[in-house]
Amino acid sequence: MSCYLVTGAAGLLGGEISAALADKGHRVIGLVRKNRFVMHGDRKRRPTEDWTGDPPAPGDIHLLQGDVRHPQLGLTPDAYARLAAQVDCIVHCAAIVQFDADETIYEAVNIRGTGHILDLARARPGTPAALLQVSTAYVCGTRDGEIAEDDAARPERFSNPYEASKFSAEAQVRQAMADGVTAAIARPSIVVGRAHDGVIAGFDTIYMAFKLLAEGRIRTIPSTPDATLNFVPLDHAVNGIVTIAERIEEAAGRTFHLVAGAPMPVADFFALVRDYPQFSNPEQVSPEAFDPAALSPLEQRFHRRVAALYTSYFQRNPLFLQDNIVELTGVSGPVADHALMRRQIDFAIRTGFLPAESVPA
């Protein structure tokens, strides 16, 4: 079995990918910066060992503390050389995914960090290690309409620095492909819990917007009538990434959208929120009619800190094509319909993340 290095192994996607690869009998080295554990499923902790320089046994996960911001990942020359010699394929998940970080952080982690991972791939004796770059479907920026998987055109505008940084990271990977590195790019959309039960190991990014809407902390959202939200279940994203990694020679040179078979119209999303009597009833307004100054002081604060970061997702309608991933796997993403998203919300309620009863105003 192959030896995979999964960067960001303590993160949501990285943890699930590490566990899935190990479950299939592969040797897995997980690169972590601070957290020394791998979470998957319903906050289950996967047994791991520390990487001491020797390859993991098949089916095992060994954790290595390092930092993609630094040349040679901050490792000693000996550890770096031993790591480079062992790894067959790198699944690069490590990234800053928040939308409001300082731009210098995106530059250090998402852009230069990708360069350092490419350096590691090239440091493998003989043939460079293969690389699967985990990006985002939203490198399309504010474009609407059909977005082809291999479309590498720079959009006129990005919605946030995160999207811009992932586009720049992709550009480095494409250049490495042209230089002979075996590499592919995976682009998940908005990742939510598993399709059949909504289970997810941690609530972050878009779930924070769900929470503020449900609790009535945010009551007004500027959105456009044709906007859609492309929610992709965690298991579809993870299965797709693992399949691409296992078939990297076949996948090389291509980009793969891991997205919904059909996105959820924003109007349907708000209708779903209104189905829960304990949730607030958020109001949709046109972007032209939205006036942040008219909000209450408390809502203004939540809007500045959280809602404004996600506003563009309620005003876009990209249609992510899936030709490459369907050709490789035979499977397209599930439809982001009412039933799928109800399972996500129900799981968040069962865990206490979303309220089971009305929140006092």
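Every read-out reported here was derived from the displayed coordinates using simple, explicitly stated rules and does not represent laboratory data. As the structure is a prediction and not an experimental result, all values here were calculated from the model. Virtual Cβ from ideal backbone geometry, glycine too; neighbours counted across all protein chains shown.
Observations on the model:
- Projected label distance in nm at HIS338 and SER286, using a 7 Å step from Cα toward the beta-carbon: 2.8 nm
- Mean Cβ neighbour count within 10 Å, used as a protection proxy, ranking 85-95, 36-46 highest first: 85-95, 36-46
- The charge dipole of segment 155-311, taken about the Cα centre with unit charges on the Cβ atoms of Lys, Arg (+1) and Asp, Glu (-1), comes to about 360 debye, rounded to the nearest 20.
- Net dipole in debye of the chain [+1 Lys, Arg Cβ; -1 Asp, Glu Cβ; about Cα centre; nearest 20]: 800 debye
- Charge dipole (debye, nearest 20) of segment 250-361; +1 at Cβ of Lys and Arg, -1 at Cβ of Asp and Glu: 320 debye
- When the Cα positions of GLY41, GLY66, LEU118 are compared along the charge dipole of segment 31-135, GLY41 comes out farthest toward the positive end, with charges on each C-beta of Lys, Arg, Asp and Glu.
- Highest average packing first - 168-181, 279-292, Cβ atoms within 10 Å: 168-181, 279-292
- Shape analysis of segment 62-114 yields a ratio of the Cα radius of gyration to the Kirkwood radius, Rg/Rh, of 1.02.
- Residues whose placed amide H lies under 5 Å from that of ILE29, excluding near-sequence neighbours: TYR4, LEU5, VAL6, HIS62
- Separation between Cα centres of segment 87-161 and segment 1-68, rounded to whole Å: 20 Å
- Considering only alpha-carbon pairs that sit under 8 angstrom and 6 or more positions apart, the relative contact order computed for segment 69-127 is 55 percent.
- Selected from THR228, ALA339, PHE290, residue furthest toward positive end of dipole (segment 228-361; charges at beta carbon): PHE290
- Phi-based couplings in Hz for segment 77-94 (Karplus 6.51, -1.76, 1.60; Gly and Pro marked x): x, 5, 5, 4, 5, 5, 5, 4, 6, 8, 7, 8, 8, 10, 9, 8, 9, 4
- Highest-first arrangement of 102-112, 1-11, where packing means the average Cβ count within 10 Å: 1-11, 102-112
- Segment 1-105: translational diffusion in µm²/s, Stokes-Einstein, Kirkwood Rh over Cα pairs, 37 °C, 0.692 mPa s: 238 µm²/s
- Using only alpha carbons, segment 272-361 has a radius of gyration to Kirkwood radius ratio (Rg to Rh) of 1.06.
- Antiparallel bridge percentage (DSSP; both residues within the chain; nearest 5): 10 percent
- Prolate/oblate/rounded call for segment 77-234, Cα gyration tensor, a/c under 1.5 rounded: prolate
- Cα gyration tensor category, rounded, prolate or oblate, for segment 164-319 with a/c compared to 1.5: prolate
- Gyration tensor (alpha-carbon) shape descriptor, segment 1-53, a/c threshold 1.5: oblate
- Axis of helix 161-178 versus longest Cα principal axis of the chain: the two differ by about 30°, to the nearest ten degrees.
- Relative to its residue count, the chain spans a Cα convex hull of 129 Å³ per residue.
- Hits among lysines - C-alpha to C-alpha of LYS44 under 20 Å, sequence gap 8 or more where chains match: LYS24, LYS34
- Average Cα contact separation per residue, segment 198-269, under 8 Å, 6 or more apart, as relative contact order %: 42 percent
- Per residue of the chain, the DSSP helices (runs of n ≥ 4 H) give a summed -39500 (n - 2.57) that works out to -9500 deg cm²/dmol at 222 nm.
- Separation of alpha-carbon centers, segment 265-344 and segment 173-240, rounded to whole Å: 11 Å
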